[in-house]
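**Student:** One structure coming up, written as structure tokens, with questions to follow.
The values are calculated or read from the model by the stated rules, or taken from the named source; none is laboratory data. Note that the structure is a prediction, hence the values are computed from the model and not measured. Heads up, the Cβs are rebuilt from the backbone with ideal geometry, glycines too, and the neighbour counts pull from every protein chain shown.
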Amino acid sequence: MFGLGLPEVAIVGVVALLIFGPKKVPEVGSALGKTLRGFKEEMNNPQEDTSDSQQNDT
């Protein structure tokens, strides 16, 4: 995962816990997951949006 090992992921998790607190971490993780999922879907289907935007420009 992005060239990160287990120690690096643990450090990122601890820092996120310290910054956001235990109640916000699941919300932040969920938002990040949705963002990455949407980005991945757009990367897999880039032609759909370009054809729609070209039709709206004319």
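**Student:** Does at least one position in the range 43-57 carry a residue that is modelled with pLDDT of 85 or more, of a type outside the set (Ser, Thr, Tyr) and either surrounded by 10 or more Cβ atoms within 10 Å (Cβ to Cβ) or part of a loop (DSSP other than H, G, I, E, B) (or both)?
**Tutor:** Filtering the range 43-57 for residues modelled with pLDDT of 85 or more gives 43-44.
Among the residues that remain, those that are also of a type outside the set (Ser, Thr, Tyr) are: 43-44.
Okay, now just the ones that are also either surrounded by 10 or more Cβ atoms within 10 Å (Cβ to Cβ) or part of a loop (DSSP other than H, G, I, E, B) (or both), so none.
Checked against the condition, which is being modelled with pLDDT of 85 or more, of a type outside the set (Ser, Thr, Tyr) and either surrounded by 10 or more Cβ atoms within 10 Å (Cβ to Cβ) or part of a loop (DSSP other than H, G, I, E, B) (or both), the range 43-57 yields no hits at all.
**Student:** Something else about it: Contact list please: Cβ distance under 8 Å, first residue in the range 1-27 and of a type in the set (A, V, I, L, M), second residue loosely packed, with under 10 Cβ neighbours inside 10 Å, pairs at least six apart or on different chains.
**Tutor:** Sorted first by the residue in the range 1-27, then by its partner, the pairs are 9/1.
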